[in-house]
């Protein structure tokens, strides 16, 4: 039997929410063409219609078609604001739990553009990425419905999750191709940093560590270190690559001796590693201590290198010839 009335269309959704915590409602502005608007309390929505109350305490409900309005502006719920504050404070585990609550609570209006449920689900995925839970990210993407999102940066981030899944599965050849396809795309700093890190991972996996260093440098600098998770991971990979380099190991052995080669590649890479280690302690680590295996790198700074004194003796200067004429006998 076909459903013809809006009331029947919404009954299943509203009853399901009512059984748990009473009728769902959230404040919004229903904006008509020309700018006129009215306040409403949304109770449910489909892709073509909404159910709402005109006041918070009203017992009467109204149904309307979405085409009757130019747009619907949903006021940001306090629960969502609280979750975003945790996210911006880099408390990703706590933020993820809050976003899950928001996602579930606002499901009755999940079909509306940029609704709190879909936005919370998106930031739940972002929390998983920043926490390094790539298995959880892959699982979350299987049920995520992106249709209500309209913001360009969020839609592009969803595309970048393809790269992170290639990191998860260690599909290095595929990952390099995916990154190269996006290298010339205009991206905000945080997404450019992700591109650099993923390329670094691919190049390392393909046994091209020297090339990976340049990619990781992009990851550390593209977002002025604001993308702290990506920048921190990239810094640690730079330190690991340099530490494993035989030329750097040789430079460490020769540090401060007469055989030191200050123009050598190993010496310059050692200085770079020391700089990255120092930067990690100062800012990139964001409170995370520098791993013990990299602590010694802090010693190899240019100003810490003593003057190298040559041990070879110089030839004595010839004595100056006297210009005094010998006395006559």
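Brief remarks follow.
- Selection status of residue 187, in a loop (DSSP other than H, G, I, E, B), farther than 24 Å from residue 228 by Cβ and out of contact with any strand residue (DSSP E or B) (no Cβ under 6 Å at 6 or more places or on another chain): no
- Scanning the range 113-122 for any residue that is in a helix (DSSP H, G or I) and touching a residue at least 40 places away in the same chain (Cβ under 8 Å) turns up at least one such residue.
- So residue 226, is it in the same structural domain as residue 178 (by TED's automatic domain parsing) and buried (at least 18 other Cβ atoms within 10 Å of the Cβ): no
- Condition met for residue 136 (assigned by TED's automatic domain parsing to the domain that holds residue 94 and not in a helix (DSSP H, G or I)): no
Conditions tested, residue by residue: (1) surrounded by fewer than 12 Cβ atoms within 10 Å (Cβ to Cβ); (2) in contact with a helix residue (DSSP H, G or I) (Cβ under 8 Å, 6 or more places away or on another chain); (3) modelled with pLDDT of 90 or more; (4) more than 13 Å from residue 243 (Cα to Cα).
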{"residue": "261", "(1), (2), (3), (4)": "no, yes, no, yes"}
{"residue": "269", "(1), (2), (3), (4)": "no, yes, yes, no"}
{"residue": "284", "(1), (2), (3), (4)": "no, yes, no, yes"}
{"residue": "299", "(1), (2), (3), (4)": "no, yes, yes, yes"}
{"residue": "303", "(1), (2), (3), (4)": "yes, no, no, yes"}
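- Filtered residues of the range 50-64 (kept if in a strand (DSSP E or B) and in contact (Cβ under 8 Å) with a residue 24 or more places away in the chain): 50, 51, 52, 53, 63, 64
- Residue within the range 150-171 that is on the phi > 0 side of the Ramachandran plot and modelled with pLDDT of 95 or more present: yes
- Of all the criteria given as (1) more than 14 Å from residue 112 (Cα to Cα); (2) in contact (Cβ under 8 Å) with a residue 12 or more places away in the chain; (3) not in a strand (DSSP E or B), the one not satisfied by residue 47 is (1).
The values are calculated or read from the model by the stated rules, or taken from the named source; none is laboratory data. This is a predicted model, so every value here is computed, not measured. Because the Cβ atoms are built from the backbone with ideal geometry, glycine has one as well, and the counts that use them run over all protein chains shown.
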